[in-house]
Each structure stands twice: as structure tokens, then as C-alpha cells.
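J.: Shown below is the structure under consideration.
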Amino acid sequence: MSRIKKVRGFQDIYGENAKKYRFVVDTARKIFERYNFEEIILPYVEDVSLFIRSVGEETDIVQKEMYIFEDRGGRRVALRPEGTASAVRAYIEEKLYAKGGYHKLFYEGAMFRYERPQAGRYRQFHQIGAEIFGTDSPLADAELIKMVKEILDRLCIEVRLEINTLGDFESRKRYMEVLKEFLKKREDALCEDCRKRIERNPLRVLDCKIESCREATKDAPVLMDFISEESLQRFEKLKEYLNALKIEYEINPRLVRGLDYYTDTVFEFITDKIGAQGTVAAGGRYDTLVNQLGGPETPALGFAAGIERLMLLVDKLPEKKSLIAVIPVVTEFNIEGLKTAQKIREKEIKTELILKEGSLKSKMKLANKIGARYVVFVSEKPELKDMETGEQEIFQNIDDLIDALAGKI
Ligand code: HAM
């Protein structure tokens, strides 16, 4: 019978990679908590229109990448392609705004996009992300960027930071009209995708990685020239704060992001080490989205990072905790072995009771194979063996042995 394989673009994460996954998530969680963010666990399935109305009708995500299906009740639903839209929906639906002040939420989990799979790009991938609702202070932008940088630093991942401002909605609309006119005149020099984007999503043309498109748009009008005084001042403040925090950045006037909801600040953390899919974390402000989706006017901002991309860049996991193997020397000591393993675990020490009957030699072989740092032999006179030095020590009773062991670890 033919074997069933995993679906293209989906992965099993196991062994060393599962450890890296946990390491990335645990590290991020610690930093989120330090910045006083609270966790929100969001559904994987949402009404399709949530993403159409937030991520944007004309974006690649909505046009061609969403997993959409009809459930048994005839609802048109989508597997979430990102977390921001759901966070905004929850913020409105759960009336989080009613508590006053501002809200800092973080999330973690799988996202789904029907993209062409390649290294660092999958159809099911995982993000850690955070959103701040209810503050328009550029201090929030600076703190958010600092927090992401801190997570990356903790993971020893080297990146460069690119920032840009998209201005407010009105300025951007004015700019897009001028840009469309410019692009129409150069239509012949653009790739097929970009030609389609002229009407639908002209900003994305500036983001195209194809050389001929880059060349054709070299002298395109610059968004910065259309932006309101207020937005420019906000951008100046952000730069000032980033300087004060000693965060290096480059201003990339072409950075526009692939989702429609952004206003003012946008940013990306990029690495050159993993090929074409080099953006490891990205985000920005979306001051009009909450209102657009039916909530009260609420400025907001956030970011998300791709866990798989971070995993590709983590080369060292923190030192492993020492493992203790407990071996009942003969079957008569099995019950004593069971109890001993429990007692050691109570001391928060990682312990494996060797679950194998047979000769002492075969049990030792197994202890070696699983990488035990110490072996506890359970018999009348319990013994402790240091597997690194080979030293062995006999104890009067098991409690003395456990005390000695706890002192060593
Ligand atoms: P995004 O740029 O679409 O933004 O995705 C954020 C990150 O998710 C990317 O930088 C990348 O690391 C990872 N990522 C995206 N697609 C894939 C994929 N197919 N395979 C592997 N990793 C991927 C957002 O999702 C926004 N919600 C970010 C945000 C939050 N903006 C404001 N708040």
C-alpha cells in the first residue's frame, strides 16, 4: 500500500528542531512578559471577510494565498493567514477597549498561506506576534521595535532594521494616484505581476524584487514628499527615540509591506543569511483598522516574527539539563527504582527510569545511549556513577544519595 505523505508546504517539527521551536517561543514569552504584554489565544478559523476587510482585497494574501472553505453550516471561513486581524476582531468583540487605557497583547501559533514553498517559506508556518491597542504615542513604536530587537538579540540573531513611514491614509491615497500615473507610463518595462498591481496595489510595485521593475521605478515619486507634517514629525520622534535606545536602523523609502492596513510607521528586521526569505520580523502601525472593522477609533501597532525563520538562524541551544538514569540492579528492586525516580524528579531534576528488564549491562547500555550524566544503581547499597569521569560512590541509603546528587547538579 502506498504511504500517505505530509501535504506540500507542511512540516513535522521534531527532535532538535522541536527544541529550537520551544527555545524561540520561550525566549519571546519571557521578553513579552517583561514588557507587560498579556497572552491572547486566538482561533485558527475566522470569517473570510475579516481578512478581506483588514489585510486587503487586492493583496496577494487575499487574492491567492488563503485557505478558504465552507464549513458544514455553510459559513465561508478561512484558516488565518496572520494574527493581527483576529486580534483586532477580538479587541472589538470582547470589548477590551471598555476597560480604558491601552492594551498590550501577544500571541503565538500557526498561520496558513498558500505560497510557493521554499527554504523559510511554508504553507503552515508559525508566528509570535504582539499588538498594542489604544496609544498613538511614538514611544510605543520605539518600545515595540526595541522589544523585537531584544528577542532577536537573546536568540543571538544578527539583523538589520529597516524603517519607513507610510503617512496617514489621506496622504497615501493622494500619493497612490500620482504613482499610478507614473507606473502607467512605464507599464511595458514592468513584470506581469506588477502590471496587474498598477491599478490594484501600486505601492507593491515599488517592493518588487525583479531587477527590471526596480530599474523602471528608480525615479518614481517618493511617498515621503506627500506625507503630512504631522506624520513627518511623528517619524522624526521615532528616529529620536530609536537613537536614544541605541538601535541602529536604515530608512528604506520603498518599504511598503504586503498588507493594506498600515499607516505611518512600518518596519522590518532582515537577515542576509537565509536566502530570499530574509525578513524575520515585521510590523507597523494600523491606526484606522479598529475603526474600519466596526470598533471605536483606536490607534494601534504590532509586529509578528516567523518562528521557522528564527529557527533557521538559531545555531546554539542553551546547555541541556543533566539527565539522571535510575537503574534497578535486579527485578527485586523495581519498586524501589520507581520510587527513587519519583524522589529525584521532586527535586526538579530530569530523570529517566530505565524501563527495561534484563541484564545490568543492557540497562547500562541504554543509559549511555540516552546520554545520562549520572546513573543511580538501586540495590541494597545504592550507588551513584558519574558517566563523565567514571567515578562511582556507594551510599548507606537512597536519601543520602539523592542529597549528594542534588548538590552536584
Ligand atoms: P507578515 O510580514 O505577513 O506580517 O509576516 C510576518 C512574518 O511572518 C514574516 O516576516 C516572516 O518571518 C513570517 N512569514 C510570513 N509568511 C511566511 C511563510 N509563508 N513561511 C514562513 N514564515 C512566514 C504579518 O503577518 C503582520 N500580521 C505583522 C503585524 C502584526 N503587523 C502589525 N501587527
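Each row is one residue, and each column tells you yes or no for (1) part of a loop (DSSP other than H, G, I, E, B); (2) touching a residue at least 60 places away in the same chain (Cβ under 8 Å); (3) closer than 30 Å to L405 by Cα.
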site: G295; (1), (2), (3): yes, yes, no
site: I324; (1), (2), (3): no, yes, yes
site: E332; (1), (2), (3): no, no, yes
site: G337; (1), (2), (3): no, no, yes
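J.: Do we have D264 as out of contact with any helix residue (DSSP H, G or I) (no Cβ under 6 Å at 6 or more places or on another chain) and touching a residue at least 60 places away in the same chain (Cβ under 8 Å) here?
T.: Numbers: out of contact with any helix residue (DSSP H, G or I) (no Cβ under 6 Å at 6 or more places or on another chain): no; touching a residue at least 60 places away in the same chain (Cβ under 8 Å): yes.
No, not satisfied.
J.: Can you confirm whether N36 is in contact with a strand residue (DSSP E or B) (Cβ under 7 Å, 6 or more places away or on another chain), polar (S, T, N, Q) and modelled with pLDDT of 95 or more?
T.: Here the answer is yes, as N36 does meet what is asked.
J.: Oh, and also: From the list D272, D260, which residue is within 13 Å of the ligand (Cβ to nearest atom) and not small (G, A, S)?
T.: Just one listed residue meets the conditions, D260.
J.: Also: Give the residue that is farthest from the ligand (Cβ to nearest atom), with candidates limited to residues of segment 297-322 that are in contact with a strand residue (DSSP E or B) (Cβ under 6 Å, 6 or more places away or on another chain) and in a loop (DSSP other than H, G, I, E, B).
T.: K321
J.: Another question, then. So which of I251, I307, I327 ends up being over 21 Å from the mean Cα position of the chain (by Cα), crowded, with 22+ Cβ neighbours inside 10 Å, of a type outside the set (K, R) and at pLDDT 95 or above?
T.: After ruling out the rest, the residue left standing is I327.
J.: Of all residues in segment 230-248, which are under 24 Å from the mean Cα position of the chain (by Cα) and within 12 Å of T265 (Cα to Cα)?
T.: Once the filter is applied, which keeps residues that are under 24 Å from the mean Cα position of the chain (by Cα) and within 12 Å of T265 (Cα to Cα), segment 230-248 yields only L238.
J.: Could you list, in sequence order, all residues of segment 197-224 that are loosely packed, with under 12 Cβ neighbours inside 10 Å and touching a residue at least 40 places away in the same chain (Cβ under 8 Å)?
T.: Answer for segment 197-224, where residues must be loosely packed, with under 12 Cβ neighbours inside 10 Å and touching a residue at least 40 places away in the same chain (Cβ under 8 Å): just K209.
J.: Considering only segment 83-118, how many residues are near the ligand (Cβ under 10 Å from one of its atoms) and of a type in the set (V, I, T)? Show your work before the answer.
T.: Keep residues of segment 83-118 that are near the ligand (Cβ under 10 Å from one of its atoms), which gives 83-88, 107, 111-118.
Checking the rest, the ones that are also of a type in the set (V, I, T) come to 84, 88.
The total comes to 2.
J.: Please verify whether L355 is out of contact with any Asp or Glu (no Cβ under 7 Å at 6 or more places or on another chain) and not assigned by TED's automatic domain parsing to the domain that holds G129, treating the condition exactly as stated. Show your work before the answer.
T.: On the way: out of contact with any Asp or Glu (no Cβ under 7 Å at 6 or more places or on another chain): yes; not assigned by TED's automatic domain parsing to the domain that holds G129: yes.
Yes; evaluated as a whole, the condition is true for this residue.
J.: Still on this structure, I have one more. The conditions are (1) of a type outside the set (F, W, Y); (2) under 22 Å from the mean Cα position of the chain (by Cα); (3) farther than 17 Å from V290 by Cβ, and R89 fails exactly one of them. Which is it?
T.: (3)
Results for (1) within 12 Å of the ligand (Cβ to nearest atom); (2) open to solvent by 10 Å² or more (accessible area, probe 1.4 Å), shown as yes or no for each residue.
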position	(1), (2)
G134	no, yes
S137	no, yes
E143	no, yes
M147	no, no
L152	yes, no
C156	no, yes
L179	no, no
L183	no, no
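J.: Considering only residues of segment 366-405 that are of a type in the set (D, E, K, R) and part of a strand (DSSP E or B), which is surrounded by the most Cβ atoms within 10 Å (Cβ to Cβ)?
T.: K385
J.: Return yes when L152 is of a type outside the set (D, E, K, R), part of a helix (DSSP H, G or I) and within 14 Å of the chain's Cα centre (by Cα) and no when it is not.
T.: Here the answer is yes, as L152 does meet what is asked.
J.: While we're on this one: Cβ-Cβ below 8 Å, separation at least six or inter-chain, first residue in segment 119-132 and more than 8 Å from the ligand (Cβ to nearest atom), second among the aromatic types (F, W, Y) and in a loop (DSSP other than H, G, I, E, B): which pairs?
T.: Q124/F10; I132/Y102
The values are calculated or read from the model by the stated rules, or taken from the named source; none is laboratory data. These figures come from a predicted structure and were not determined experimentally. Glycine gets a Cβ as well: all are built from the backbone with ideal geometry, and neighbour counts include every protein chain shown. Calculation scope for accessible area: heavy atoms of the full protein, side chains included, ligands and nucleic acids excluded. Shrake-Rupley method; radii C 1.70, N 1.55, O 1.52, S 1.80 Å.
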